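S.K.: I have a structure here, written as structure tokens, and I will follow up with some questions on it.
Just so it is clear, none of the values below were taken in a lab; they were calculated from the coordinates. All values derive from a computational prediction rather than experimental measurement. Note that we place each Cβ from the backbone using ideal geometry, even for glycine, and neighbour counts take in every protein chain shown.
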Amino acid sequence: MRTLVTGGAGFIGSHLTEHLLSAGDEIVVLDDLSIGGEANLAAVSDHPGLRVVVGSVCDRDVVDRCVRDVDRVFHAAASVGVLRILEKPLQGLRTNMRGTEVVLDAALRHDVPILVTSTSEVYGKNSKVGLCEDDDRILGSPLKSRWSYAEAKAVAESLTKGYVTEHGLTAVIVRLFNTVGPRQTGQYGMVVPRFVGQALSGQPLTVYGGGEQIRCFCHVLDVVPAMVALLEDERAHGDVFNLGGTEQVSIADLAERVVAATGSTSEIVHLSYEQAYGEGFEDMRRRVPDSTKALERVGFRPRRSLDDVIADVADHWKSRLEVEHA
Ligand code: UDP
């Protein structure tokens, strides 16, 4: 099987690439290296089955050349992270909408199945416990850049659905809920690598707002096999699936658990949302998935706990620090 992974040098894409290479696939990675980097592929850089193409998913010619050579596509390229979206909303909109359209178009032209990676952000402020795929999207004003990521990803989903309905494209959409693990950067938000990095370098852990906001984190190594299984299951085609963890944790508790797990002496400080993100920022109060649909379709059941996630992210950080200080 020849597989294209867009965003394959990113956090999720690099884990997907490693997983597929070890399953025997030949992989083409298309990545503009804007957030990810070739260091994320260091473990497989000499693998004869890997080819890395540096380019943008918005570039029709490059995308066409990549898709033409493969049997299936995992579209994981995206502009992500709250801080990045606030700083570069246009880049986020273009990559996440236009880039997805370009990749979908090429998949249709070359008649290859595609998995499109979406996000729990599409539910917006809906804080129902156990969000299901059909639940409503509750968003703030389109003039607040904060919502532009949710907006763009929702459009990407609608585009996918449109290609399926109008052109019969074989496509499946996954909505990822706070996927975390080694190689995720804390540079643009992403609380787990931020807290672990702060704890290991003796900086204060920065809890935004009151810290009561709830998330369910899911280890990337639990998510990746489910993504593959969904694209390989014909009964999943044309549909959308939540993939998320089951353990609810408040951000204040997360900070304490990171401090305890790393043996850090860092203090935990609270910053207002205004201090963290600027004026008018709205956070999701609670984001808890219901992944029953993926469980029933492909047996998705996350096995790694939050403590496993913290330990793996901490190990990754320690090895990075060792490399930097070597
Ligand atoms: N957060 C925090 N401190 C940080 C970074 C994030 O308290 O240094 C909070 C953020 O406000 C949100 C939660 O942690 O409530 C998760 O943030 P992240 O950016 O990881 O993902 P989100 O769930 O917002 O997409």
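S.K.: What is the Rg over Rh value, at two decimals, for segment 86-193, using alpha-carbon atoms and the Kirkwood definition of Rh? Write out the running numbers ahead of the final one.
M.R.: Values: Rg = 14.8 Å, Rh = 15.1 Å.
Reported Rg/Rh, Kirkwood definition of Rh: 0.98.
S.K.: Could you line up CYS218, CYS66, CYS58, CYS132 from fewest to most neighbouring Cβ atoms inside 10 Å?
M.R.: Fewest-to-most Cβ neighbours within 10 Å comes out as CYS132, CYS58, CYS66, CYS218.
S.K.: When the scattering of segment 147-247 is computed by the Debye formula from its Cα atoms alone, each counted once and equally, what is log10 I(q)/I(0) at q = 0.13 Å⁻¹?
M.R.: Normalising to I(0) and taking log10 leaves -0.62.
S.K.: Name the shape class, rounded, prolate or oblate, that the alpha-carbon gyration tensor gives for segment 55-144, where a ≥ b ≥ c are the square roots of its eigenvalues, rounded holds for a/c under 1.5, and otherwise prolate holds if a/b is larger than b/c and oblate otherwise.
M.R.: Cα axes put segment 55-144 in the oblate bin.
S.K.: Looking at ALA156, SER56, GLY124, which one has the Cα that reaches farthest to the positive end of the dipole of the chain (charges on Cβ: Lys, Arg +1; Asp, Glu -1)?
M.R.: My answer, from the dipole projection, is GLY124.
S.K.: Rank VAL224, ILE310, GLY99 by how far each Cα sits towards the positive end of the charge dipole of the chain (+1 on Lys, Arg Cβ; -1 on Asp, Glu Cβ) and give me just the farthest.
M.R.: GLY99
S.K.: Which whole-angstrom value gives the distance between the alpha carbon centres of segment 94-119 and segment 252-326?
M.R.: Taking the Cα centre of each part, segment 94-119 and segment 252-326 sit 29 Å apart.
S.K.: Could I ask something else about it? So what's the Cα pair-distance distribution over segment 175-326, bin width 5 Å, in %?
M.R.: All Cα pairs, binned at 5 Å, distribute as 2, 9, 17, 20, 17, 14, 10, 6, 3, 1, 0 percent.
S.K.: Sum up the charges of everything whose Cβ sits under 12 Å from the Cβ of ASP71, counting Lys and Arg as +1 and Asp and Glu as -1, but leave ASP71 out.
M.R.: Result for the neighbourhood of ASP71: -2.
S.K.: Would you kindly compute the Cα radius of gyration of the chain and its largest Cα-Cα separation (Dmax), both in Å?
M.R.: For the chain, the Cα-based Rg and Dmax read 18.9, 57 Å.
S.K.: Quick one: dipole size for the chain, taken about the Cα centre, charges +1 on Lys/Arg Cβ and -1 on Asp/Glu Cβ, in debye to the nearest 20.
M.R.: Computed about the Cα centre, the dipole is about 380 debye.
S.K.: Please order PHE300, PHE74 by the number of other Cβ within 10 Å, starting at the fewest.
M.R.: Starting with the residue having the fewest Cβ neighbours, the order is PHE300, PHE74.
S.K.: Out of all DSSP beta bridges with both ends in the chain, state the antiparallel percent to the nearest 5.
M.R.: About 5 percent, rounded to the nearest 5.
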